[in-house]
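Q: Okay, handing you the structure first.
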Amino acid sequence: MSSDCLFCKILARQIPAKIVHEDAEVFAFEDINPQSPTHVLVCPKKHFASLDHASAGEEASYRAVINTGSEAGQSVFHLHLHLLGGRTFAWPPG
């Protein structure tokens, strides 16, 4: 846990958020600036600044579309994925 991380503060219930899921490994909450009718952020409870900081031992294999770095749109440096739904999306996203 990082004491200056917005998402760690949400996890510690120091900042209010609408938590929609929590288990031993992850927590998920509604985005305060939704980009679709459903927009949930899913975060590991263990603090990683980005996907680059997670070790290979954390996950054996995966596919991820995650903002990593400020030029990709990451604004909170606690690893999180955006789960969006409820509208039509284009590919590629940017």
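Q: Can you find, among A72, P16, I32, the residue sitting farthest towards the positive end of the charge dipole of the range 6-85, where Lys and Arg contribute +1 and Asp and Glu -1 at Cβ?
A: P16
Q: Another question about this same structure. Looking at the chain, which Cys residues are left with no other cysteine's beta carbon under 4.7 Å from theirs?
A: Lone cysteines by the Cβ rule: C43.
Q: Is the range 1-87 best put as rounded, prolate or oblate by its Cα gyration tensor, with a ≥ b ≥ c the root eigenvalues, rounded for a/c under 1.5, and otherwise prolate when a/b is larger than b/c, oblate when not?
A: In terms of gyration-tensor shape, rounded.
Q: A follow-up question, please. So if I place +1 on the C-beta of Lys and Arg and -1 on the C-beta of Asp and Glu, and nothing else carries charge, what would the dipole magnitude of the range 6-85 be about its Cα centre? I want it in debye, nearest 20.
A: With only Lys, Arg, Asp and Glu charged at Cβ, the dipole is about 220 debye.
Q: Next question. What's the ranking of 69-78, 16-25 by average number of surrounding C-beta atoms within 10 Å, highest first?
A: For the peptides 69-78, 16-25, the packing ranking is 69-78, 16-25.
Q: Suppose R0 equals 35 Å. What FRET efficiency, 1/(1 + (r/R0)^6) with r the Cβ-Cβ distance, do T38 and A12 give to the nearest 0.05?
A: 0.90
Q: Sticking with this structure for a sec: Given points 7 Å out from each Cα along the Cα-Cβ axis, report the S3 to R87 separation in nanometres with one decimal.
A: Placing both labels 7 Å beyond Cα along the Cβ direction yields 4.0 nm.
Q: Turning to a different aspect of this structure: What residues from the range 1-36 fall in the zone where the backbone N is under 15 Å from a label point 7 Å along the Cα-to-C-beta line of A49?
A: Only 1-6 fall inside the zone, counting backbone N under 15 Å.
Read-outs: derived from the displayed coordinates by stated rules, not from any lab. Since the structure is predicted, the reported quantities are computational estimates derived from the model, not experimental observations. Glycine also receives a Cβ, built like all others from the backbone with ideal geometry; neighbour counts cover every protein chain displayed.
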